[in-house]
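The values are calculated or read from the model by the stated rules, or taken from the named source; none is laboratory data. Predicted, not measured: the structure shown is a model, and the values here were computed from it. Methodologically, a virtual Cβ is constructed for each residue, glycine included, from the backbone with ideal geometry; neighbour enumeration extends over all protein chains shown. Side chains included, ligands, DNA and RNA excluded: accessible areas come from the protein's heavy atoms. Shrake-Rupley method; radii C 1.70, N 1.55, O 1.52, S 1.80 Å.
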Amino acid sequence: MVRSELVALLGKENPELSAQEIEKIVDLFFEAVVDQLAAGGRVELRGFGAFLTRLHEARTGRNPRSGLAVPVPAKRSVHFKPGKAMRERLIAAAAGMTKAAPSSAAAFSTASAEARAA
């Protein structure tokens, strides 16, 4: 799902809101998340997950082409930890997918075995 699809979905579920109001709500939400993370904070959405930043110290890396040492500056990166409800739902969906639709390799090996037996 991309941002425009989210805005469209919110528009369908909330027909009393104009498209401009929905755009503003989505913008404010994302802006608040980014501001909190930029300040080094954590954003937790119960049932969904938590966004937090991790500090990566400065280090000396290597240029893969020349092999020369290259200084890599310190940086912060965003890390997402899914919530319990999301984890359980994804695991259940993955379990349902493996049972409902066997992989093509499994289907091929079953067909091959049946052909050899005949």
Item to check | Dipole magnitude (debye, nearest 20) for the range 40-96, charges at Cβ of Lys, Arg, Asp, Glu | outcome: 60 debye
Checklist entry - Considering amide H positions built from the backbone, and no H for Pro or chain starts, which residues 5 or more places from residue 53, or on another chain, come under 5 Å of its amide H? => result 79
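I'd like the chymotrypsin sites (Phe, Trp or Tyr not before Pro) in the range 10-56 restricted to DSSP loop residues with at most 16 other Cβ atoms within 10 Å, sorted by number. Working shown, then result.
On the way: sites: 29, 30, 48, 51; in loops: 48.
Those satisfying the criteria are 48.
Relative to the present Cα-Cα distance, how much length would full extension add between residue 6 and residue 39 at 0.36 nm per residue of separation? Don't skip to the end; give the middle numbers.
Working: separation 33, 0.36 × 33 = 11.88 nm, distance 2.60 nm.
Value of the extension gain: 9.3 nm.
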Item to check | Orientation-averaged projected area, Cα convex hull of the range 40-96 (nm²) | outcome: 6.3 nm²
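Given just the C-alpha atoms of the range 1-64, how large is their convex hull per residue in cubic angstrom? Intermediate values should be presented prior to the final figure.
On the way: hull volume 9.8 nm³, N = 64.
For the range 1-64, the hull spanned by Cα atoms encloses 154 Å³ per residue.
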Checklist entry - How much solvent-accessible surface does residue 75 expose, in Å² to the nearest 10, with a 1.4 Å probe and all protein chains in place? => result 120 Å²
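Test of the criteria: in the range 4-105, which GluC sites (Glu not before Pro) are in a DSSP loop and have at most 10 other Cβ atoms within 10 angstrom of their Cβ?
Numbers: sites: 5, 13, 16, 21, 23, 31, 44, 57, 88; in loops: 16, 57.
Here the sparse-neighbourhood loop sites are 16, 57.
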Item to check | Point-to-point label distance, residue 84-residue 58, nm (Cα→Cβ direction, 7 Å offset) | outcome: 4.3 nm
